[in-house]
Amino acid sequence: MEMGDHQKNLHHCRKRPRFAESLCLLLLSLFAISASARAFDYADALTKSLLYFESQRSGRLPYNQRVTWRDHSGLTDGLEQGVDLVGGYYDAGDHVKFGLPMAFTVTMLSWGVIEFRQQIADAGELEHAMEAIKWGTDYFIKAHTSPNVLWAEVGDGDTDHYCWQRPEDMTTSRQAYKIDENNPGSDLAGETAAAMAAASIVFKKTNPHYSQLLLHHAQQVFEFGDMYRGKYDGSVEVVKSYYASVSGYKDELLWGALWLYMATDKDEYFKYFVHKAHCFGGTGWAISEFSWDVKYAGLQVIASKLLMEEKHKEHAHILEQYRSKAEYYICSCLNKNNGSNVERTPGGLLYVRQWNNMQYVSTAAFLLTVYSDLLQNSNQKLNCHGGMVGHEEILTFAKSQIDYILGSNPMNMSYLVGYGANFPARVHHRGASIVSYRENKGFIGCTQGYDYWYSRQETNPNVLVGALVGGPDCQDNFEDQRENFMQTEACTYNTAPLVGVFAKLLQLEDPNLLASY
Ligand SMILES: *[C@@H]1O[C@H](CO)[C@@H](O)[C@H](O)[C@H]1NC(C)=O
Ligand SMILES: *[C@@H]1O[C@H](CO)[C@@H](O)[C@H](O)[C@H]1NC(C)=O
């Protein structure tokens with residue numbers, strides 16, 4: 001039984017006259033029993049999802065580091081270039097620090113906290129969520145060494161992938177790459193501005209000085225990206241086979257302006273978002289993918305929220321165009337568009353593509369949850385080609401995707417590592433697959449790691465708790481093998497959108513709801 005049906009029945013009972021109450025209570029307890037058989041512990045999932053970011057930390061680890069199989073690494077990053085680039089996150093199972101996906105990760109963590117702050121706080125995880133964000137933003141501040149210089153990447157995929165080592169033993173190149181006036185990167189600048197602006201909202205009350213600092217950097221980085229236009233993969237060629245900016249930079253410039261508007265309330269950013277809506281594709285692109293590369297659906301959903309506010313009435317016609325594209329995205333996830341819908345596996349999982357499909361599932365679950373809240377708060381319904389949809393139906397579908405992730409799927413597998421009894425045990429991750437540095441400090445070389453640790457059949461010695469792996473194929477099949485990186489590698493931007501959604505689902509499950517009946 002899905003949570004949504006459970007909820008509806010609860011409401012149904014509440015409206016009944018008194019004489020039916022005892023029957024309702026009986027039914028309720030039956031529902032509770034059948035639901036509990038498949039209920040998921042979202043509090044546990046939330047806690048674990050935040051632990052994952054500690055596993056991905058580069059730099060000097062703090063005294064309160066909870067993931068204890070990791071140790072300091074990358075302590076000379078930037079040294080050759082004369083800049084301090086120590087810190088930040090490794091993006092996935094390797095040790096390259098890629099600016100674009102790192103910034104998107106931080107934007108999504110921040111957006112999650114902005115939307116679901118109370119729920120995350122109620123679960124006792126707000127501090128950890130803010131630490132996860134700050135680990136990224138501290139690095140972005142370092143990487144933004146002057147108004148028109150932003151360091152884009154440390155290490156490179158080709159030499160990094162030649163080795164299978166723990167981050168603590170790393171011997172590969174730590175060449176760093178930057179964008180500047182002569183080597184533009186508007187997509188990277190736009191996303192980094194978005195990340196810092198969104199994070200500045202998160203820290204506004206608790207750390208106003210830091211919040212201001214982030215805002216200052218965000219504004220400068222945005223201005224730089226807007227003034228010197230170009231795709232960052234044209235300037236930083238080594239990123240091309242890993243995180244090429246296929247969608248270009250226009251989505252990130254709109255996205256950066258939008259987050260700066262949210263953070264500052266300044267008209268200039270709103271005007272940018274409105275005036276460039278058409279020529280930057282914001283009101284033109286209808287896309288069923290929201291990812292580190294393609295931001296349109298995200299900014300279209302936020303535009304739909306702005307439309308609800310009286311003060312944006314003057315530009316309602318543009319915001320409505322944005323919203324119609326947001327509706328396209330939501331309806332396509334719900335399988336209710338005319339023809340163009342996101343595919344699903346037989347087990348019901350949204351399926352966009354073979355390699356790391358889960359990243360699209362987690363961003364979809366996030367946008368669906370935000371959109372459901374938007375409809376509920378404005379007392380509206382969504383009009384899809386396939387019919388009118390209420391906020392409960394959207395949230396129920398988002399929940400079905402999350403429950404699939406946590407184990408409600410044909411493999412009975414939790415794709416969130418470390419959650420439940422059955423989860424991927426051979427995650428494609430250098431650090432997790434080799435004995436912990438804290439246990440065994442003997443140096444493990446580049447090919448030695450491949451020969452001994454990568455190729456063995458045994459499960460990983462360290463559990464990468466909270467990581468969302470790439471996930472199953474289009475037939476719900478999953479092969480838990482280290483070399484199967486399309487399915488068993490996890491990325492920071494897979495887990496980031498889940499944090500807020502877990503907190504929201506946890507709130508729905510609040511036992512007080514039943515107790516107060
Ligand atoms: C739905 O799609 C079909 C095929 O593309 C088209 O002929 C039809 O007009 C569309 N219906 C609506 C209501 O848009
Ligand atoms: C998953 O669990 C169900 C119910 O317990 C069982 O029938 C099915 O065989 C399991 N599938 C796999 C792949 O283990």
Checklist entry - To the nearest 0.05, how large is the calculated FRET efficiency for M308 and R66 if R₀ is 41 Å and r is the Cβ-Cβ distance? => result 0.55
Item to check | Sorted peptide list for 95-106, 317-328, criterion being average Cβ within 10 angstrom, highest first | outcome: 95-106, 317-328
Checklist outcome for this item: Rounded to the nearest whole number, the Stokes-Einstein translational diffusion coefficient of the chain at 4 °C and 1.567 mPa s (Kirkwood radius, C-alpha pairs) in µm²/s is 55
Checklist outcome for this item: Given 490-500, 76-86, 49-59, 128-138, the highest-first ranking by average Cβ count within 10 Å works out to 490-500, 49-59, 128-138, 76-86
Item to check | the range 181-243 versus the range 408-448: alpha-carbon centroid distance in Å | outcome: 32
Item to check | Net charge over other residues, Cβ less than 11 angstrom from the Cβ of L50 (K, R count +1; D, E count -1) | outcome: -2
Item to check | Inter-site label distance for E268 and Q448 at 7 Å from Cα along Cβ, in nm | outcome: 5.5
Item to check | Mean separation of Cα contacts under 8 Å, 6 or more apart, over the residue count of the chain: relative contact order % | outcome: 18
Next on the checklist: Modelling each spin label as a point 7 Å along the Cα-to-Cβ direction, I'd like the Q175/D510 distance in nm, to one decimal.
Outcome noted: 5.4
Next on the checklist: At R0 = 51 Å, how high is the FRET efficiency between K205 and H278 if r is their beta carbon distance? Nearest 0.05 is fine.
Outcome noted: 0.90
Checklist outcome for this item: Extension length gain for S455 and D122 (0.36 nm per residue less Cα distance), in nm, is 115.6 nm
Next on the checklist: With +1 on the Cβ of every Lys and Arg and -1 on the Cβ of every Asp and Glu, and nothing else charged, how large is the dipole of the chain about its Cα centre, in debye rounded to the nearest 20?
Outcome noted: 1100
Next on the checklist: Pairs on different chains or at least eight residues apart, Cα atoms closer than 17 Å: how many lysine pairs in the range 203-298 fit?
Outcome noted: 9
Next on the checklist: Run the helix sum for the chain: -39,500 (n - 2.57) per DSSP H stretch of 4+ residues, divided by residue count, reported at 222 nm to the nearest 500 deg cm²/dmol.
Outcome noted: -15500 deg cm²/dmol
Item to check | Whole-Å distance, taken between Cα centres, linking the range 244-291 and the range 322-349 | outcome: 22
Checklist entry - What FRET efficiency comes out for the pair T76/A316, r = Cβ-Cβ distance, R0 = 56 Å, nearest 0.05? => result 0.60
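Every read-out reported here was derived from the displayed coordinates using simple, explicitly stated rules and does not represent laboratory data. All values derive from a computational prediction rather than experimental measurement. Ideal geometry is used to build each Cβ from the backbone, glycine not excepted, and the neighbour counts take in all protein chains shown.
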